[in-house]
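Everything below concerns the one structure shown next.
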Amino acid sequence: MVTSTRRRGHSRTSRELFVPEVIQTDLGDITPYEFNPRDNEAAIESTANSIRSFGFLVPIIIDSDGVIVAGHTRYAAAHQLGYTQVPTIDASHLTPEQVRQFRIIDNKVAEQARWDFDLLAGELQALANTGLDWTNYGFSQEEIDCFGEVVNEDCLGAGGMADMNATAAQQRADRRAPSQTRFVLGDLPSFFINQEQYRTWAGELRNLCDYDDAEIIRHIKSLLQLPPSGE
(Lines give C-alpha, C1' and ligand atoms only; values in the text may rest on other atoms or scores of the structure.)
Protein backbone atom coordinates (compact mmCIF):
# COMPACT_ATOMS: atom_id res chain seq x y z
CA MET A 1 0.00 0.00 0.00
CA VAL A 2 1.29 3.44 -0.91
CA THR A 3 1.11 5.74 2.12
CA SER A 4 1.07 8.98 0.17
CA THR A 5 -1.00 10.09 -2.81
CA ARG A 6 0.80 9.87 -6.12
CA ARG A 7 0.52 12.44 -8.86
CA ARG A 8 -0.14 10.58 -12.09
CA GLY A 9 -0.24 11.27 -15.78
CA HIS A 10 1.51 14.64 -15.83
CA SER A 11 4.25 15.11 -18.39
CA ARG A 12 6.79 17.88 -17.78
CA THR A 13 9.12 19.60 -20.20
CA SER A 14 12.88 19.29 -19.70
CA ARG A 15 12.99 22.92 -18.46
CA GLU A 16 10.66 22.31 -15.54
CA LEU A 17 12.23 21.33 -12.25
CA PHE A 18 10.84 18.12 -10.79
CA VAL A 19 11.24 17.94 -7.02
CA PRO A 20 10.57 14.32 -6.03
CA GLU A 21 8.55 13.36 -2.98
CA VAL A 22 9.77 10.27 -1.14
CA ILE A 23 6.88 8.01 -0.12
CA GLN A 24 6.70 4.67 1.66
CA THR A 25 5.37 1.87 -0.55
CA ASP A 26 4.56 -1.73 0.28
CA LEU A 27 7.19 -3.98 -1.26
CA GLY A 28 4.41 -6.22 -2.56
CA ASP A 29 3.07 -3.32 -4.65
CA ILE A 30 6.38 -2.95 -6.50
CA THR A 31 7.13 -5.00 -9.60
CA PRO A 32 10.55 -5.50 -11.24
CA TYR A 33 10.70 -4.47 -14.89
CA GLU A 34 10.30 -7.63 -16.96
CA PHE A 35 12.95 -6.65 -19.50
CA ASN A 36 15.49 -5.11 -17.13
CA PRO A 37 18.76 -5.23 -19.11
CA ARG A 38 20.99 -5.28 -16.02
CA ASP A 39 22.15 -8.39 -14.16
CA ASN A 40 22.27 -7.19 -10.53
CA GLU A 41 22.80 -10.52 -8.80
CA ALA A 42 26.43 -9.90 -7.79
CA ALA A 43 25.58 -6.58 -6.11
CA ILE A 44 22.61 -7.68 -4.00
CA GLU A 45 24.58 -8.88 -0.97
CA SER A 46 26.72 -5.72 -0.78
CA THR A 47 23.64 -3.54 -1.20
CA ALA A 48 21.83 -5.42 1.56
CA ASN A 49 24.84 -4.95 3.84
CA SER A 50 24.88 -1.23 3.06
CA ILE A 51 21.17 -0.85 3.83
CA ARG A 52 21.59 -2.87 7.03
CA SER A 53 24.47 -0.62 8.13
CA PHE A 54 23.29 2.82 7.04
CA GLY A 55 19.58 2.59 6.31
CA PHE A 56 17.58 2.76 3.08
CA LEU A 57 19.03 6.10 1.93
CA VAL A 58 18.39 5.82 -1.83
CA PRO A 59 14.72 5.37 -2.78
CA ILE A 60 13.50 3.01 -5.49
CA ILE A 61 12.09 4.86 -8.48
CA ILE A 62 8.81 3.44 -9.79
CA ASP A 63 6.33 4.35 -12.50
CA SER A 64 2.59 4.94 -12.06
CA ASP A 65 1.97 1.16 -12.12
CA GLY A 66 4.57 0.41 -9.47
CA VAL A 67 7.06 -1.03 -11.98
CA ILE A 68 10.69 -0.31 -11.12
CA VAL A 69 12.35 2.42 -13.16
CA ALA A 70 15.60 2.34 -11.16
CA GLY A 71 16.50 0.32 -8.07
CA HIS A 72 16.22 -3.38 -8.93
CA THR A 73 19.21 -4.19 -6.72
CA ARG A 74 17.76 -2.27 -3.77
CA TYR A 75 14.43 -4.04 -4.34
CA ALA A 76 16.12 -7.47 -4.20
CA ALA A 77 18.15 -6.42 -1.15
CA ALA A 78 14.98 -5.26 0.63
CA HIS A 79 13.43 -8.69 0.03
CA GLN A 80 16.56 -10.33 1.41
CA LEU A 81 16.40 -8.15 4.53
CA GLY A 82 12.70 -8.86 5.08
CA TYR A 83 11.45 -5.31 4.51
CA THR A 84 7.72 -4.86 4.02
CA GLN A 85 7.91 -1.19 2.97
CA VAL A 86 10.58 0.81 1.18
CA PRO A 87 11.03 4.48 0.26
CA THR A 88 10.09 5.21 -3.34
CA ILE A 89 9.93 8.09 -5.78
CA ASP A 90 7.01 8.21 -8.20
CA ALA A 91 8.20 8.90 -11.76
CA SER A 92 4.72 9.09 -13.27
CA HIS A 93 5.55 12.58 -14.55
CA LEU A 94 7.59 10.79 -17.24
CA THR A 95 6.07 9.36 -20.39
CA PRO A 96 6.45 5.58 -20.96
CA GLU A 97 9.17 6.28 -23.52
CA GLN A 98 11.05 8.52 -21.07
CA VAL A 99 10.83 5.84 -18.40
CA ARG A 100 12.49 3.30 -20.71
CA GLN A 101 15.09 5.86 -21.76
CA PHE A 102 15.94 6.82 -18.18
CA ARG A 103 16.18 3.18 -17.11
CA ILE A 104 19.00 2.63 -19.61
CA ILE A 105 20.71 6.01 -19.21
CA ASP A 106 20.77 5.82 -15.40
CA ASN A 107 22.69 2.54 -15.55
CA LYS A 108 25.00 3.68 -18.34
CA VAL A 109 25.97 6.91 -16.59
CA ALA A 110 26.92 4.96 -13.45
CA GLU A 111 29.44 2.95 -15.49
CA GLN A 112 31.29 6.09 -16.56
CA ALA A 113 32.34 7.13 -13.04
CA ARG A 114 35.90 6.16 -12.05
CA TRP A 115 37.87 6.13 -8.81
CA ASP A 116 40.53 8.72 -8.03
CA PHE A 117 42.84 6.21 -6.34
CA ASP A 118 44.85 8.82 -4.44
CA LEU A 119 41.73 10.26 -2.83
CA LEU A 120 40.24 6.81 -2.27
CA ALA A 121 43.41 5.65 -0.51
CA GLY A 122 43.27 8.70 1.77
CA GLU A 123 39.64 8.08 2.64
CA LEU A 124 40.16 4.39 3.37
CA GLN A 125 43.21 5.12 5.50
CA ALA A 126 41.27 7.75 7.46
CA LEU A 127 38.60 5.13 8.15
CA ALA A 128 40.99 2.24 8.81
CA ASN A 129 40.28 2.11 12.56
CA THR A 130 36.49 2.39 12.40
CA GLY A 131 36.00 -1.37 12.44
CA LEU A 132 34.08 -1.53 9.16
CA ASP A 133 34.71 -4.65 7.08
CA TRP A 134 34.90 -3.22 3.57
CA THR A 135 34.76 -6.67 1.99
CA ASN A 136 31.06 -6.72 2.91
CA TYR A 137 30.49 -3.84 0.52
CA GLY A 138 32.07 -4.99 -2.73
CA PHE A 139 35.79 -4.39 -2.05
CA SER A 140 38.23 -7.27 -2.24
CA GLN A 141 40.76 -7.80 0.54
CA GLU A 142 43.51 -7.24 -2.04
CA GLU A 143 42.15 -3.76 -2.75
CA ILE A 144 41.89 -2.92 0.94
CA ASP A 145 45.44 -4.11 1.60
CA CYS A 146 46.73 -2.13 -1.37
CA PHE A 147 45.20 1.11 -0.12
CA GLY A 148 46.12 0.59 3.52
CA GLU A 149 48.92 2.38 5.36
CA VAL A 150 51.23 -0.64 5.13
CA VAL A 151 51.52 -1.69 1.49
CA ASN A 152 54.04 -3.28 -0.82
CA GLU A 153 56.43 -0.73 -2.30
CA ASP A 154 55.08 -1.15 -5.81
CA CYS A 155 51.44 -1.57 -4.86
CA LEU A 156 50.53 2.04 -5.56
CA GLY A 157 53.21 2.58 -8.16
CA ALA A 158 52.53 3.04 -11.85
CA GLY A 159 52.21 -0.70 -12.39
CA GLY A 160 49.89 -1.10 -9.45
CA MET A 161 47.71 1.76 -10.62
CA ALA A 162 47.59 0.26 -14.10
CA ASP A 163 46.51 -3.06 -12.61
CA MET A 164 43.83 -1.39 -10.49
CA ASN A 165 42.55 0.56 -13.50
CA ALA A 166 42.52 -2.63 -15.57
CA THR A 167 40.62 -4.43 -12.82
CA ALA A 168 38.09 -1.61 -12.59
CA ALA A 169 37.68 -1.61 -16.37
CA GLN A 170 37.17 -5.38 -16.38
CA GLN A 171 34.60 -5.08 -13.60
CA ARG A 172 32.71 -2.49 -15.63
CA ALA A 173 32.89 -4.77 -18.66
CA ASP A 174 31.66 -7.72 -16.60
CA ARG A 175 28.72 -5.66 -15.37
CA ARG A 176 27.89 -4.75 -18.96
CA ALA A 177 28.28 -8.29 -20.28
CA PRO A 178 25.16 -10.46 -20.32
CA SER A 179 25.24 -13.59 -18.18
CA GLN A 180 23.72 -15.53 -21.07
CA THR A 181 25.03 -15.70 -24.64
CA ARG A 182 22.89 -16.32 -27.68
CA PHE A 183 24.36 -19.21 -29.67
CA VAL A 184 23.55 -19.42 -33.37
CA LEU A 185 24.38 -22.60 -35.26
CA GLY A 186 23.81 -22.52 -38.99
CA ASP A 187 20.17 -23.10 -39.88
CA LEU A 188 19.20 -24.39 -36.42
CA PRO A 189 17.09 -22.33 -33.98
CA SER A 190 19.31 -20.20 -31.74
CA PHE A 191 19.53 -20.86 -28.00
CA PHE A 192 21.09 -19.28 -24.91
CA ILE A 193 24.00 -20.64 -22.90
CA ASN A 194 25.82 -19.43 -19.78
CA GLN A 195 28.47 -16.85 -20.74
CA GLU A 196 31.36 -18.58 -18.98
CA GLN A 197 30.39 -22.01 -20.29
CA TYR A 198 30.11 -20.55 -23.78
CA ARG A 199 33.62 -19.07 -23.67
CA THR A 200 35.12 -22.40 -22.60
CA TRP A 201 33.03 -24.42 -25.01
CA ALA A 202 33.62 -22.10 -27.97
CA GLY A 203 37.36 -21.98 -27.33
CA GLU A 204 37.64 -25.75 -27.24
CA LEU A 205 35.58 -26.09 -30.41
CA ARG A 206 37.66 -23.55 -32.31
CA ASN A 207 40.89 -25.29 -31.37
CA LEU A 208 39.48 -28.73 -32.20
CA CYS A 209 38.21 -27.61 -35.62
CA ASP A 210 41.13 -25.30 -36.40
CA TYR A 211 38.84 -22.23 -36.50
CA ASP A 212 36.94 -23.64 -39.51
CA ASP A 213 33.31 -22.45 -39.08
CA ALA A 214 31.91 -25.12 -41.42
CA GLU A 215 33.80 -27.85 -39.58
CA ILE A 216 32.58 -26.49 -36.22
CA ILE A 217 28.97 -26.73 -37.43
CA ARG A 218 29.50 -30.26 -38.76
CA HIS A 219 31.13 -31.33 -35.51
CA ILE A 220 28.32 -29.96 -33.31
CA LYS A 221 25.63 -31.46 -35.51
CA SER A 222 27.41 -34.80 -35.29
CA LEU A 223 27.48 -34.56 -31.47
CA LEU A 224 23.78 -33.70 -31.46
CA GLN A 225 23.08 -36.52 -33.94
CA LEU A 226 21.61 -34.06 -36.43
CA PRO A 227 21.84 -34.48 -40.22
CA PRO A 228 24.42 -32.34 -42.03
CA SER A 229 23.16 -29.22 -43.81
CA GLY A 230 21.27 -29.95 -47.01
CA GLU A 231 19.98 -33.38 -45.98
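Scanning the stretch 82-111 for residues that are at pLDDT 85 or above and loosely packed, with under 14 Cβ neighbours inside 10 Å gives 82, 84, 95, 96, 97, 101, 104, 105, 108, 109. Please verify whether residue 25 is at pLDDT 95 or above and assigned to a helix (DSSP H, G or I), treating the condition exactly as stated. No: the conditions fail for residue 25. Taken over the stretch 86-99, the criterion of being touching a strand residue (DSSP E or B) at 6+ places or on another chain (Cβ under 6 Å) and farther than 15 Å from residue 57 by Cβ is satisfied by 91, 99. Put simply, of 118, 39, 65 the only residue that is assigned to a loop (DSSP other than H, G, I, E, B) and closer than 21 Å to residue 139 by Cβ is 39. Residue 31 meets the conditions (1) out of contact with any strand residue (DSSP E or B) (no Cβ under 8 Å at 6 or more places or on another chain); (2) β-branched (Val, Ile, Thr); (3) without any contact (Cβ under 8 Å) to a residue 40 or more places away in the chain; (4) surrounded by fewer than 17 Cβ atoms within 10 Å (Cβ to Cβ) in every case but one. The failed one is (1).
The values are calculated or read from the model by the stated rules, or taken from the named source; none is laboratory data. Just so we're clear, the structure is a prediction, and the values are computed from it rather than from any experiment. Cβ sites come from the backbone with ideal geometry, for glycine too, and all protein chains shown count toward neighbours.
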